[in-house]
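Student: Let me give you the structure first, and then I'll get to my questions.
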Amino acid sequence: MNLRRIFSLQNPLQPQFKPFFKSTTLFVKSIHALAIITTENPQNPTVLTLTHDAEWSPTSISYSKLLSRCCESKPPGPHPPRQDWAGERPENTATISSTCTRNAGHARQVLDESPEPDLVAWSALISGYAQNGLAEDAILAFSEMHRLGIRCNEFTFPSVLKACAMKKDIVGGRQVHGIVVVTGFESDVFVANTLVVVYAKCGEFLDSTRLFDRIPDRNIVSWNALFSCYTQGGFFTEAVGLFREMVGGGMRPDEFSLSTIINACTGLGDVKEGRKIHGYLTKHGFGSDPFSCNALVDMYSKVGDFEDCKRVFERMPNHDIVSWNAVIAGCVLHERNDAALELLVTMRRSGIAPNMFTFSSVLKACSGLGLRDLGRQFHSVMIKSDIELDPFLCCGLIDIYSKCGEIDDATQVYDKMPEKQLIALNALLCGHSQNGNDLEALSVFAENYRDGIGFNETTLLAILNSAAGLRDITVTEEVHGLSLKTGYLSDPFVVNSLIDSYAKCGRLENATMVFDDSPIPDLATFTSLISGYAQLGQGEEAIKIYVKMQDLDLKPDPFICSSLLNASAMLSAYEQGKQIHVHALKFGLLSDVFTANSLVNMYARSGSIDDADRAFNEVPEKGIVSFSAMIGGLAQHGHGEKALALFDNMLKDGIAPNNVTLVSILSACNHAGLVTRAKTFFESMEGVFGIKPTQEHYACMIDILGRAGKLDEAMGLVDEMPFEANAAVWGAVLGAAKTHKNVEIGERAARELMAIEPEKSGTHVLLANIYASAGLWQNVAEVRRVMKGSKVKKEPGMSWVEVKDKVYTFIVGDRSHFMSKEIYEKLDELMTLVGKLGYVPVLEIDLHNVVSSEKEVLLSYHSEKLAVAFGLIAIRAGPIRVKKNLRVCVDCHSFLKFVCQVAEREIVVRDINRFHHFKDGCCSCGDYW
């Protein structure tokens, strides 16, 4: 949208200045004088010129009237020439009242120059101070008047009480209240109404209500005073209740009552009650009252009822800036940002110039739409129009620049603020955090904290978010301590952010401690802890916390379900994942696309590609995440052709692939041995899809070439890479060297890996395997000696099997299980049966330099064999699903192909690389893994 369309030259932003008076003729008896107020320049002070008639001389009465007119219009003119009129002081009162509108010091000077300032003069001064927001001066003037012994009246008390209300000075208000009681003015309805306001504005609503109840002759002003205070204080329900009480008592509401209660209904979001008040307005003839209409427009727009909002707006006789601001703000609130900007165009065409509130809304609209350039133009207009950039406008500018990635411009707006405000600092901190500038966010906070700007819960949330992004445990602990000292630890948002930050820093024990200390854990608190455990791979703990949440009758949300499904996927916990699926169905969460995608991922990674396919077909809106999850699942399960076919369908649907999708496609080609198609995809990535190959893509391609025996081509690709090869690349090379027993390439890859990851035992084990397969037992012994000397321990093979919501763990030769006797008996039985079918142990994979019979015993008790034997005992029907932390060995792979035959059961094993589906004597990998 072009700014010229909004601010056209046909409707200038600045309204034409018009003098308050062109000429004023005063008639005093039969004598007249001409008083002319002219304006030489709109920027210069107004010049007062008095042209005296020859027969006329000014009197105190004529000056008093003229000054009263000046007071009404608030021109910045000088005082009238001083003359001494003995015994006449009305002009002093008028002068004080008039001068207070522009210069409080001059008003006080006029009072001090009066020979005997009386109650009327003092009252005028106090009233002038109060009307112009000078509450402190009004209270001090009242105190001085009281010390002089001048008795107050029913006109003085409301002014000083108004000043107390403005300052929220309950102590001063109570003192004035005492004087009111002593002087007997408590029964005066105007004084009583102001007392009600003072107590309400200071938060003393109980005392305010008591005073209201004591007013003998309550009028509509009394009720309005209480309505207004309750509404401004956020006690909307109480305000509506009082309105009902007033109407029920027979008091007829006026337009002020009705507009105030409409505002209360807006605060409650209660459009039903608001429509009733709308009916009162129409019934009592206030349908065209501008204040009431504006309140209606504000209410309907904020609750999102734009049809009624439009109806009221169009029936208004005149639209002022308040009307336009209300409807524009409502559109922004409900994210109808395009409509808000269109309304701004219409408003400008009607000749109404925007003010700071308008700009505050349209900046939010620009931020929501990401219209950086338009936001920058609005910024320029505000500067040229001399619109004061208050903290809220600065926040709007910081927000739009931050969301559009222009964090330097956001910082510049903040730095140019004459007085740094906390609300603007929070906006800048959130901007840094959103743009990944976590270190800058912490630096800005530290600098401003030293300057004494303070902080609140929003500040702490931004800092904790940055600490979590940096995985900075020190900052997290410092914020924890700061929150504890300042009482912010009772804020649920701070608690949730602390849990999240501790979890992302890997300190789950601290996160759990914060969780346990929180007074009443809510859904967000449980979500933070569950997601923390899930992200760190502790799915079992995440499930346990979810069970606690259910005990509190808390309904899960899509984020919790998504986290739990991902936790189940990490564990390959099929049964637990199915239960979460049931809960998602029960609570109607499958319409959420994130939950639906997590369900596809869970089934795919838990060994049930058929369930994953069904879940994929039920995803409401399939996007790149949905397709990537399903393509990756098909690839891991060895369905390479199906994965490629789904990829083609995705492209036909107009969905462009991302990095993850192309990694899955290369993996599908890898597991299916589709070398030529893999090379085609890899070489066309940048040209066809605009994606530059990353380390992960190179690692996949090198693994594909290596598995296919094209080791020279694979090494050529390593040397051609535009960046240094990482552990994944050298790991692929080492795996290929092991498969094809290439000692030279294996040694080179092992050296590189040991330099990158010296603590990893897998490198030494694979190198030892290469040596063992070549019969180089002396080299095997050397590798073992190096491992022992460097304290590198071989990661033990572990397998898991899930039975009735519980996951059982096994290691090689494990006898800790309560059913160990039955498990080993079952395993011996299986060994006998598969031996009859032709199973022969693959002894050469064992690195122990011992006789064959001992190797055979060692191979017999691998963790996956024990897990399968237990599964056959404990699971009466259906597939046996086992997860392993390492690659399944050749011997176990051969053994399980025979077991699935003799047991007539499907066995699904998920190792570190892929899924193996053993059925009818075959494996889904085609012995290619």
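The values are calculated or read from the model by the stated rules, or taken from the named source; none is laboratory data. Computed from a prediction, not measured in an experiment: that's the story for all the values here. Every residue, glycine among them, receives a Cβ derived from its backbone with ideal geometry; neighbour counts consider all protein chains shown. Note: accessible area is taken over every heavy atom of the protein model, side chains too, but ligands, DNA and RNA are not part of it. Shrake-Rupley method; radii C 1.70, N 1.55, O 1.52, S 1.80 Å.
Student: Could you pull out every one of the aspartates and glutamates with an alpha carbon less than 18 Å from that of Lys679, ignoring same-chain neighbours closer than 8 positions?
Tutor: Of all the aspartates and glutamates, those that pass the test against Lys679 - Cα under 18 Å, at least 8 places apart if same chain - are Glu641, Asp648, Glu696, Asp703, Asp712, Glu713, Asp719, Glu720.
Student: Then there's this: HN-Hα J couplings of region 654-671 from phi, Karplus 6.51/-1.76/1.60, θ = phi - 60°, integer Hz, Gly and Pro as x?
Tutor: Karplus-based 3J(HN,Hα) across region 654-671 equals x, 9, 7, x, 10, 4, 5, 4, 6, 5, 5, 5, 5, 5, 4, 5, 5, 5 Hz.
Student: Using the heavy atoms of the protein chains alone and a 1.4 angstrom probe, what is the accessible area of region 376-473 per residue in square angstrom?
Tutor: It amounts to 47 Å² per residue over region 376-473.
Student: Less than 10 Å Cβ to Cβ from Tyr401, Lys/Arg counted +1 and Asp/Glu -1: what total charge do the surrounding residues give?
Tutor: -1
Student: Counting only other residues whose beta carbon sits under 12 Å from that of Glu440, what net charge do I get with K and R as +1, D and E as -1?
Tutor: -3
Student: Further question: How far, in degrees from 0 to 90, does helix 727-739 lean away from the longest principal axis of the Cα atoms of the chain, to the nearest 10?
Tutor: Between helix and principal axis, roughly 20 degrees.
Student: Note the listed values (i) 35.4; (ii) 34.1; (iii) 29.6, then indicate which one is Kirkwood radius over Cα pairs in Å calculated from this particular structure.
Tutor: Given (i) 35.4; (ii) 34.1; (iii) 29.6, the calculated one carries the label (i).
Student: Quick one: order Arg348, Arg748 from most to least accessible surface, probe 1.4 Å.
Tutor: Arg748, Arg348
Student: Starting from the amide H of Val882, placed 1.01 Å from N in the peptide plane, find each other amide H under 5 Å away whose residue is 5 or more places distant or on another chain.
Tutor: Amide H to amide H, under 5 Å and 5 or more residues apart or across chains, Val882 pairs with Val908, Val909, Arg910.
Student: Projected onto the charge dipole of region 564-710 (+1 at Lys/Arg Cβ, -1 at Asp/Glu Cβ, origin at the Cα centre), which of Phe647, Gly632, Leu666 gives the Cα projection farthest towards the positive end?
Tutor: Working it through, the farthest residue towards the positive pole turns out to be Leu666.
Student: Now a separate question. Rounded to whole Hz and in sequence order, give me ³J(HN,Hα) for region 238-254 from the Karplus expression 6.51 cos²θ - 1.76 cosθ + 1.60, θ = phi - 60°, writing x for Gly and Pro.
Tutor: My calculation for region 238-254 gives 5, 4, 5, x, 5, 4, 4, 5, 5, 5, x, x, x, 7, 7, x, 10 Hz in order.
Student: What angle, in degrees between 0 and 90 and rounded to the nearest 10, separates the Cα long axis of helix 271-283 from the longest principal axis of the Cα atoms of the chain?
Tutor: 20 degrees
Student: Which residue, Gly178, Phe378, Leu281, has the largest displacement toward the positive end of the dipole of the chain when charges sit on each Cβ (Lys, Arg +1; Asp, Glu -1)?
Tutor: The listed residue farthest towards the positive side: Leu281.
Student: I've got another one for you. Just add up the charged neighbours of Phe286: K/R +1, D/E -1, any other residue whose Cβ is under 10 Å from the Cβ of Phe286.
Tutor: Neighbourhood net charge equals -2.
Student: If you fit an axis through the alpha-carbon atoms of helix 60-73 and take the longest principal axis of the Cα set of the chain, what angle between them do you get, 0 to 90°, nearest 10?
Tutor: 20 degrees
Student: Past the 26 Å Cα-Cα mark, which pairs from Lys794/Lys836; Lys544/Lys804; Lys485/Lys555?
Tutor: From Lys794/Lys836; Lys544/Lys804; Lys485/Lys555, over 26 Å: Lys794/Lys836; Lys485/Lys555.
Student: With the Cα gyration tensor of region 624-710 giving a ≥ b ≥ c as the square roots of its eigenvalues, does the rule (a/c under 1.5 for rounded; else a/b larger than b/c for prolate; else oblate) give rounded, prolate or oblate?
Tutor: Judged from the Cα gyration tensor, region 624-710 comes out oblate (a/c at least 1.5, b/c at or above a/b).
Student: How do His639, His916, His146 stack up against each other in accessible area, from largest to smallest, with a 1.4 angstrom probe?
Tutor: Ranking His639, His916, His146 by accessible area, largest first, yields His146, His639, His916.
Student: Okay, next question. Could you calculate the contour length gain from Val322 to Gln434, that is, 0.36 nm times the residue separation minus the distance between their Cα atoms, to one decimal place in nm?
Tutor: Result for the pair: 37.0 nm of gain on full extension.
Student: By its C-alpha gyration tensor, with a ≥ b ≥ c as the square roots of the eigenvalues, how is region 135-201 shaped: rounded for a/c under 1.5, else prolate for a/b larger than b/c, else oblate?
Tutor: oblate
Student: Rolling a 1.4 angstrom probe over the protein heavy atoms, how many square angstrom per residue are accessible across region 537-655?
Tutor: Result: 43 Å² of accessible area for each residue.
Student: Near the amide H of Met798, under 5 Å away, which other amide H atoms are found, from residues 5 or more places off or on another chain, if H is placed in the peptide plane?
Tutor: So Met798 has HN proximity to Asn885, Leu886.
Student: Still on this structure, I have one more. Per residue of region 600-617, what does 6.51 cos²θ - 1.76 cosθ + 1.60 with θ = phi - 60° give for ³J(HN,Hα)? Whole Hz please, x for Gly and Pro, Karplus curve as stated.
Tutor: Result, rounded to whole Hz: 4, 4, 4, 5, 5, 8, 9, x, 10, 5, 5, 5, 4, 5, 5, 5, 4, 5.
Student: Can you give me the % of accessible surface on the chain that is carbon or sulfur? Probe 1.4 Å, all protein chains present, nothing else counted.
Tutor: Carbon plus sulfur share of accessible area: 52 percent.
Student: Please say if region 186-252 is rounded, prolate or oblate, where rounded means a/c under 1.5 for a ≥ b ≥ c the square roots of the C-alpha gyration tensor eigenvalues, and otherwise the choice is prolate for a/b larger than b/c and oblate otherwise?
Tutor: oblate
Student: Return the lysines within reach of Lys283: Cα separation strictly under 27 angstrom, same-chain partners fewer than 8 residues apart disregarded; answer none if there are no such residues.
Tutor: Of all the lysines, those that pass the test against Lys283 - Cα under 27 Å, at least 8 places apart if same chain - are Lys272, Lys302, Lys310.
Student: Under 13 Å between alpha carbons, and skipping anything fewer than 8 positions from Lys692 in its own chain: which aspartates and glutamates qualify?
Tutor: Glu683
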